[in-house]
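In what follows, a single structure is set out as structure tokens and then discussed.
The values are calculated or read from the model by the stated rules, or taken from the named source; none is laboratory data. Because the structure is predicted, anything quoted here is derived from the model rather than measured. All Cβ positions, glycine included, derive from the backbone under ideal geometry; neighbour counts span all protein chains shown. For accessibility, only protein heavy atoms count, side chains too; no ligands or nucleic acids. Shrake-Rupley method; radii C 1.70, N 1.55, O 1.52, S 1.80 Å.
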Amino acid sequence: MIPAEAIADVKARHDLAGFIESCGIALKRHGEAYLGLCPFHEDRRPSLSISPAKQSWCCLGACSAGGKVLGGDVVEFARRYWGVGFREALQRLGGATSMAPPVPRRAPLRVVDGRKSVRPPVAADLLGQVATVYHQLRRQATVGST
Ligand code: ZN
């Protein structure tokens, strides 16, 4: 079970349009939205629509046929783009925060019974710390720019 906070946290840390551009998809401003070529079907005219305000995307082209609209949030996009499961996408997004300060990737090895083994689980704790620092940085950046 993935806690809702973890999902909200990952979403808060990734700007959807920025993430999609980092996947190599060029986006053009179109009013309130961004448009780009949909990577999920053979797209010749941009039908991938991104709403920065809602942090959501949808395909206005072939993916959304028959009354169904293909779209979602940054996790849903990553999941489809990478062809992985929800949990895997979430984990990868958690590890791909370019604005997060460098953090130690590994906890020191503990010596158990004279053998090197067992890394203590740090991922969840680390994620929380990174999120806190990131939010502080972002708040500072917002204050500075006004
Ligand atoms: Zn599409």
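Does the stretch 128-142 contain any residue that is part of a helix (DSSP H, G or I), in contact with a Leu (Cβ under 7 Å, 6 or more places away or on another chain), at pLDDT 80 or above and crowded, with 16+ Cβ neighbours inside 10 Å? Scanning the stretch 128-142, I find no residue that is part of a helix (DSSP H, G or I), in contact with a Leu (Cβ under 7 Å, 6 or more places away or on another chain), at pLDDT 80 or above and crowded, with 16+ Cβ neighbours inside 10 Å, so the answer is no. Among the residues of this structure, V84 counts as one that is over 14 Å from C38 (Cβ atoms), open to solvent by less than 40 Å² (accessible area, probe 1.4 Å) and without any contact (Cβ under 8 Å) to a residue 24 or more places away in the chain. Inclusion of G67 among residues that are at pLDDT below 95 and within 16 Å of the ligand (Cβ to nearest atom) is warranted.
Selection within the stretch 11-56: residues that are open to solvent by 20 Å² or more (accessible area, probe 1.4 Å) and of a type in the set (K, R). The member of this set that is farthest from the ligand (Cβ to nearest atom) is K11.
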